[in-house]
Ligand SMILES: O=C(O)CCC(=O)C(=O)O
Ligand SMILES: [Fe+2]
């Protein structure tokens, strides 16, 4: 997708790099004009702070909420195949952005895979909910894209070979990360499960710690299954990790 097409979908996308620190490996992704950078400490973690501009977040919110039935405790939904999201303008743009994130990866195969994604997991978190440390299952290809909505949360990455190496990545509403290579296979990722009502986040622009209230959060994770994996899904052996609400996986 070219820049103009993405701008048609999402409106004008800023090229302003002024609030980005020097130690991040920057890529001016000419294909999409998304401002994408590789995390300075986690190889293969590609970040985009403004993947979904605020106006589009507002339009997407009611569409994403349809994945969940909160009063039945249904806080997760999975989709497989070609129709992962509702056929709306905003959802199409979301998928295009996710696909554009793959363009940063070094593997040509990952950059051009078709379909780019055939599995979606939508997660709804309350303030005390999270997800335990895990790596995504080997049945998924490399190149996993996670969008964040509604509130800011910290995703903690831990290097598997050196568990004391822990890096907190701030996931703001409208941001997106792509896990590939080391970030996908050599680090676990988690969202803290605790009754704390706030999270402390280090703001690299001001060099100060800020407290963020933990609020409702929705994430959309897009992945591509490895060949011959769909059948296994039906055997209900999908996940090795659990939410705080039992029986969701
Ligand atoms: O909800 C998120 O931000 C992360 C979800 C995740 O890691 C997963 O479903 O494997
Ligand atoms: Fe994950």
Q) Can residue 127 be described as surrounded by fewer than 21 Cβ atoms within 10 Å (Cβ to Cβ), away from ligand 1 (no atom under 11 Å from the Cβ), at pLDDT below 95 and farther than 21 Å from residue 75 by Cβ? A) no
Flagged in segment 134-148 as within 10 Å of ligand 1 (Cβ to nearest atom) and either more than 19 Å from residue 198 (Cβ to Cβ) or without any contact (Cβ under 8 Å) to a residue 60 or more places away in the chain (or both), in numbering order, are 134, 135, 136, 137, 140, 144, 146, 147
In this structure, is residue 101 within 13 Å of ligand 1 (Cβ to nearest atom) and either at pLDDT below 95 or buried (at least 16 other Cβ atoms within 10 Å of the Cβ) (or both)? no
- Answer yes or no: is there a residue in segment 58-69 that is closer than 28 Å to residue 205 by Cα and in a loop (DSSP other than H, G, I, E, B). no
Being at pLDDT 90 or above and either surrounded by 14 or more Cβ atoms within 10 Å (Cβ to Cβ) or under 28 Å from residue 85 (Cβ atoms) (or both) narrows 235, 215 down to just 215
Scanning segment 145-179 for residues that are within 13 Å of ligand 2 (Cβ to nearest atom) and in contact with a helix residue (DSSP H, G or I) (Cβ under 6 Å, 6 or more places away or on another chain) gives 145, 178
Qualifying residue in segment 119-137 (condition: within 16 Å of ligand 2 (Cβ to nearest atom), under 14 Å from residue 188 (Cα atoms) and in contact with a helix residue (DSSP H, G or I) (Cβ under 8 Å, 6 or more places away or on another chain)): yes
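The values are calculated or read from the model by the stated rules, or taken from the named source; none is laboratory data. In this text the structure is predicted, and so the values were computed from the model without any measurement. Cβ sites come from the backbone with ideal geometry, for glycine too, and all protein chains shown count toward neighbours.
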